[in-house]
Amino acid sequence: MITLRKDLDLIANLVEDNSKVIDIGCGNGELLNFLNKNKNSKIQGLEINQKKVNKCVSKGLSVIQGDADKDLGLYPEKSFDYVILSQTIQATLEPKKILTELTRIGKRVIVSIPNFGFWKVRLDLLIKGKMPITSKLNSTWFETENIHLCTISDFTDLCDQLNLKIKQTVTIASNKQKRFSGKPNKSENIFAEEAIFLIQN
Amino acid sequence: MNEEHKKNDCLFYNDPESLLLESGQIINGHDIAYKTYGTLNSKKDNAILICHALSGDQYVASLHPITKKEGWWERMVGKDKPIDTSRFFVICINVLGGCMGSTGPASINPETNKVFAVNFPIITIADMVKAQVRLIDNLGIEELVSVIGGSMGGMQALEWAASYPERLKSAIPIATSSRHTAQNIAFHELGRQAIMADINWNAGNYKDQNTNPSKGLSIARMTAHVTYLSEASLTKKFGRKLQDKTDLGFGFDADFQIESYLRHQGHTFVDRFDANSYLYITRAMDYFDLEKTHKKSLTEIYANSNLKFLIVSFTGDWLYPTSENLMIVRALSAGGVDVSFVEIESDKGHDAFLLDEPEFDVCLDGFLKSL
């Protein structure tokens, strides 16, 4: 049995067995490998960093080099049971367009985000007056890839605007998770460090 | 010639059936020369076909009978190597139109008892593959674990996957393209013109006269060889270094090492390659255009194929650059096909697929193990 990083484990739990899955921004393929071996998923990965792609392929994972901002248009409608975008949407150029594309190519979409509304983030900005640095957001403002950070409320608002239905939410704070059917409680926007959304349209 | 190959454990398949070519012409019976490595298991489900490139042949992992050099992909094929012969039964076939035992323009036309020369019909990549399928049938193999090839070998792999997807578990086209570009055709035309401009070519009938258009073929090889390298690799290997000289010779001898190297490449090539074969095979590559042959878009050709693809390109390859390989990757993705794609960092040019690139080995090894 492979052990997974906590947030990836929670994502994997949302995926039904024997599904066709694409992981956008799959990194070194940790989640794909798990889904392939433990959930019998038919997997495909898209990763912008060629070195990481090569690593995935050398592990026998089906991964191609590509850019979420440019290449999602390639895939036919509803060609995957699940489209996973883990901790990546905040690093894309056009999150709204991407979310629309994800729901076009996938029957279900799983998106995880670092919550910029988390109280420690708010406190950093309020007290120090500086861009927050936390365990999830650990780069300086000038080095970070996260150009479109958002809070849980921001994200659920965008889903509303796009008429996307959030079926389930899992929030994480100091390694404890909470599950919500549909959107999370308002207070999660302060107490959760990350959130995972299962979206269906 | 074929007796020579037989001495080298080369196998022959005398295909008695007529072969209808893409051009509409027919070859009435032909020979296919091939080599195998490893053992075919009782279920006959462990075979891999390796397709060779323009100047390659069936001697993929064994001593070449003419050059006495090791096989052209010896570092990839063998026991405990990525294409592991203790697991796989590896087949490598000299292409139809080739000159290492398979029927080609240098063979005797049984109808006239004369060398075919330019009376040999024009063949295409699809025709080469059709002949390979016949051999695979004859060996009783229903499904290949993979068909693997670089450059023209990659074109054959793409054609296999397009026309015979049910016969494959996977395909690995390397440093290749779904159609020849204007630049690709241009370089081949240079080579062909060099051969045909050689007075010894004699409209293709040089065998009868016991001559050989060696100069022309050698220039063709020199031109082509430059396209397989890169500026970086040429600079690194030769720079402006002089050959056995301390100063310029003020003449037209090979002053520079690069000149001497190219001349050597040209000379050794004519010993092992038939000039007419070179014309026919470059033509087959120029005619290669999957979308035209299959009258469908690349995406439609492969849509919903059940086989796995691994596409490989090299950063320093300007002959079949990453962009050409990516076109195939995109078409496969759009068709919902299981595809992996790696681009290997290398400054060795197109030839990188034949050379020492450890990251490439690891990717190929991982992919084959996942099958």
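Data for the structure
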| item | result |
| --- | --- |
| 5 angstrom amide H check on B:ILE311, placed H, neighbours 5+ away | B:SER340, B:PHE341, B:VAL342 |
| Sequence ranges B:168-180, B:103-115, ranked by mean other-Cβ count within 10 angstrom, highest first | B:168-180, B:103-115 |
| Positive minus negative residues near B:ASP338 (Lys, Arg vs Asp, Glu; Cβ under 12 Å) | +4 |
| Most fluctuating residue given options B:ASP286, B:ASP15, B:ASP137, as computed from a GNM of chain B linking Cα atoms under 10 Å | B:ASP137 |
| Nonlocal amide H pairs with A:GLN168, under 5 Å, H built at 1.01 Å | A:GLY182, A:LEU198 |
| DSSP beta bridge pairing in chain B, given as percent antiparallel to the nearest 5 | 40 percent |
| Between the range B:286-340 and the range A:126-201, the alpha-carbon center distance in angstrom | 39 Å |
| Chain B: calculated mean residue ellipticity at 222 nm from DSSP helix runs of at least 4, using -39500 (n - 2.57) | -11000 deg cm²/dmol |
| Chain B, dipole about Cα centre (Lys/Arg Cβ +1, Asp/Glu Cβ -1), debye to the nearest 20 | 220 debye |
| Among B:ALA161, B:HIS294, B:SER18 the positive-end extreme of the charge dipole of the protein assembly as shown (Cβ point charges) | B:ALA161 |
| Globularity ratio of the range B:144-235, using Cα Rg and 2.2 N^0.38 Å | 1.42 |
| Alpha carbon Rg of the range B:185-281, scaled by the compact-globule rule 2.2 N^0.38 Å | 1.20 |
| Rg(Cα)/(2.2 N^0.38 Å) for chain B, N = residue count | 0.97 |
| The range B:319-364, Cα convex hull volume normalised per residue, Å³ | 73 Å³ |
| Rounded to the nearest 20 debye, dipole of the protein assembly as shown from Cβ charges on Lys, Arg, Asp, Glu | 1740 debye |
| For residues of B:334-345, the mean tally of beta carbons on other chains within 10 Å | 6 |
| Average partner coverage of A:130-142, which counts Cβ from other chains inside 10 Å | 0 |
| Chain B: DSSP helices with Cα axial extent of at least 15 Å and average Kyte-Doolittle hydropathy no lower than -1.0 | B:125-138, B:152-163, B:182-197, B:214-228, B:275-287, B:322-334, B:358-369 |
| Choice from A:GLN90, A:GLN65, A:GLN161 showing the highest fluctuation, given a GNM over chain A with Cα pairs closer than 10 Å | A:GLN161 |
| Among A:VAL21, B:VAL147, A:TRP141 - extreme Cα towards positive end, dipole of the protein assembly as shown, charges at beta-carbon | A:TRP141 |
| Trypsin sites (Lys or Arg not before Pro) restricted to DSSP loop in the range B:282-371 with at most 13 other C-beta within 10 Å | B:LYS295 |
| Percent RCO, i.e. relative contact order, over the range B:154-294, from Cα pairs under 8 Å lying at least 6 residues apart | 28 percent |
| Alpha-carbon radius of gyration plus Dmax, which is the widest Cα pair, for the protein assembly as shown in Å | 28.1, 96 |
| Net +/- balance of residues flanking B:VAL145 in space, Cβ distance below 13 Å, scoring K and R +1, D and E -1 | +3 |
| Span from the the range A:85-102 Cα centroid across to the the range B:221-256 one, whole angstrom | 51 Å |
| 222 nm mean residue ellipticity, helices alone, for chain A (DSSP H n ≥ 4; -39,500 (n - 2.57); rounded to 500) | -8000 deg cm²/dmol |
| Residue-averaged beta-carbon neighbours from other chains (10 angstrom radius) around B:322-332 | 2 |
| Student exercise, the range A:49-154 dipole from Lys, Arg, Asp, Glu Cβ charges, in Debye to nearest 20 | 300 debye |
| Normalised per residue, the volume of the convex hull around the Cα set of chain A (Å³) | 116 Å³ |
| Contact order relative to length of the range B:58-177, as percent, for alpha carbon pairs under 8 angstrom and 6 or more apart | 14 percent |
| Pairs from A:LYS78/B:LYS292; B:LYS35/B:LYS68; B:LYS169/B:LYS369 whose Cα-Cα separation, in the structure shown, is over 19 Å | A:LYS78/B:LYS292 |
| Fraction of the pair-distance distribution of the range B:56-144 above 21 Å, Cα-Cα pairs, percent | 46 percent |
| Relative contact order of the range A:6-200, pairs being alpha-carbon contacts under 8 Å that are 6 or more residues apart, as % | 18 percent |
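Read-outs throughout are calculated quantities, based only on the coordinates presented, and are distinct from any laboratory measurement. For clarity, every value in this text was computed on a predicted model and none was experimentally measured. FYI the Cβ positions are ideal-geometry reconstructions off the backbone, even for glycines, and counts take in every protein chain you see.
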